[in-house]
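Scroll down for the structure; my scribbles are underneath it.
What follows is calculated from the coordinates using simple rules that are stated; it is not laboratory data. Just so it is clear, the model here is predicted, and its values are computed rather than measured. A quick note on method: Cβ atoms are made from the backbone with ideal geometry, for glycine too, and the neighbour counts reach across all protein chains shown.
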Amino acid sequence: METNKLYRITNQSVIGGVAAGLAHHLGIDRALVRILFVLAFFFTAGVPTVMIYIVLWALLPAAIKESTDTNIIRI
């Protein structure tokens, strides 16, 4: 049984790969996660959303090798 761990996907990133990693983990489109981050930024006055993104960026490991949108190979 393969587990779906949370990783940053750096080759699909705009900033740090957090949104791409969350999208892959949740099985949704990257654009939707990015839109949700932007909406959260505006509805929370920015600071909590930026802090959450920075914490996730710092704590999430980068995927070892990315092959395609749906297949991530981890060693």
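Structural remarks
- Computed lengthening from Val38 to Lys5, 0.36 nm per intervening residue step minus Cα-Cα distance: 9.5 nm
- Pair Ser13, Ala45: separation of 7 Å Cα→Cβ label points (nm): 2.9 nm
- Spin-label model distance (nm) - Leu26 vs Ala58, 7 Å beyond Cα toward Cβ: 2.3 nm
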